[in-house]
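Okay, structure first, notes after.
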Amino acid sequence: MRKFAIGTAVCGALALSALAVPTASAATPDLSFSGVVVNGGKAIVVGTTATVKIPVTYTLTRPADLVIDYKNNAAGIMLYRGSLATPENTIENDAAPVCTATATTATTVTESCKETIALDPYDYLFEAADATTWKAAGFYGHIAEDSDDSDGHVSFEYGYDAWGGLGTAQIKRAAKLTTNATPEPVKKGATLTVKGALTRANWETSKYSGYTGQSVTLQFRAKSSSTYKNVKTVKSGTSGALSTTVKASADGYYRYTFAGTTTTGAKSAAGDYVDVK
């Protein structure tokens, strides 16, 4: 299907309005979006390279005589931050949803729809401000094109409608966390130094950078156990560096774990096994 980019359309419409050119008013289709749920209501955690697939479900009610073919027109859900008229950023789907009719009348069709938004951080996330609460909007767009110039005339028409404030979605930066306990092996009762680093996705550089001043918990799991227990909490320093000391008591695994913040996802490091002699 063609991609109906609301952000591009809005910017283009604003640019044209500056020219004060009279425009024709196209009829707005009578669409109703409801029950929008993004990512099952959970936060969307995004790194620097991997595309994150975001499931979206909703109910769409449309006129019975409106055919949405996803070639010349399309309907679906987009995410935006800022205002609906002048969004600061948008995330849109470019694949057709799967919709099943659940009710019909002489004039309307109600459908249960599912779609998946493919969020590529390189294409959609550009700055720290993108780690925030986004809003969901219903979208309808259409294209009419006449590229046959044999009659000396061509035309291209693009139209869109958007209905905002249909729900919210939290987008967070992905975190990385490491743990390294030394020396290994160690004598029972001797001091272990446990180091690590907390970093998080930086969408401006497409790399991970240190996350300083954050509370990170050191945990221990005995060799014979399947459960980690909290040992102490430390603060991440320069470049997200972590370091603390503990007394070696038994064979087992040490790891750092981070509960996350409003802008950054939770993360637990892989356990580092220590052999206590």
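Here the condition is being exposed (fewer than 12 other Cβ atoms within 10 Å of the Cβ), more than 30 Å from K267 (Cβ to Cβ), at pLDDT 95 or above and not acidic (D, E); of V109, V98, it holds for V98 alone. Residues in the range 246-275 that are of a type in the set (K, R) and closer than 19 Å to G213 by Cβ: K267 only.
The set of residues in the range 163-177 being more than 20 Å from G271 (Cβ to Cβ) and in a strand (DSSP E or B) consists of W163, T168, A169, Q170, I171, K172, R173.
Test L125 against the criterion of being surrounded by 15 or more Cβ atoms within 10 Å (Cβ to Cβ), in contact with a Phe, Trp or Tyr (Cβ under 8 Å, 6 or more places away or on another chain), in the same structural domain as A43 (by TED's automatic domain parsing) and in contact (Cβ under 8 Å) with a residue 12 or more places away in the chain, and give yes or no. When the stated conditions are applied, L125 passes them.
Taking the range 70-95 as the range and being among the charged types (D, E, K, R) and modelled with pLDDT of 95 or more as the test, the residues that pass are R81, E88.
Here the range 138-162 is the region considered, the condition is being among the hydroxyl-bearing types (S, T, Y) and in a loop (DSSP other than H, G, I, E, B), and the residue that is nearest to E111 (Cα to Cα) is S147. Residues in the range 206-218 that are in contact (Cβ under 8 Å) with a residue 40 or more places away in the chain and either loosely packed, with under 13 Cβ neighbours inside 10 Å or over 26 Å from D120 (Cα atoms) (or both): K207, Q214, S215, V216, T217.
The values are calculated or read from the model by the stated rules, or taken from the named source; none is laboratory data. The shown structure was predicted, so the numbers you read here are calculated from the model rather than taken from an experiment. Here Cβ is always computed from backbone atoms with ideal geometry, including for glycine, and neighbour counts include all displayed protein chains.
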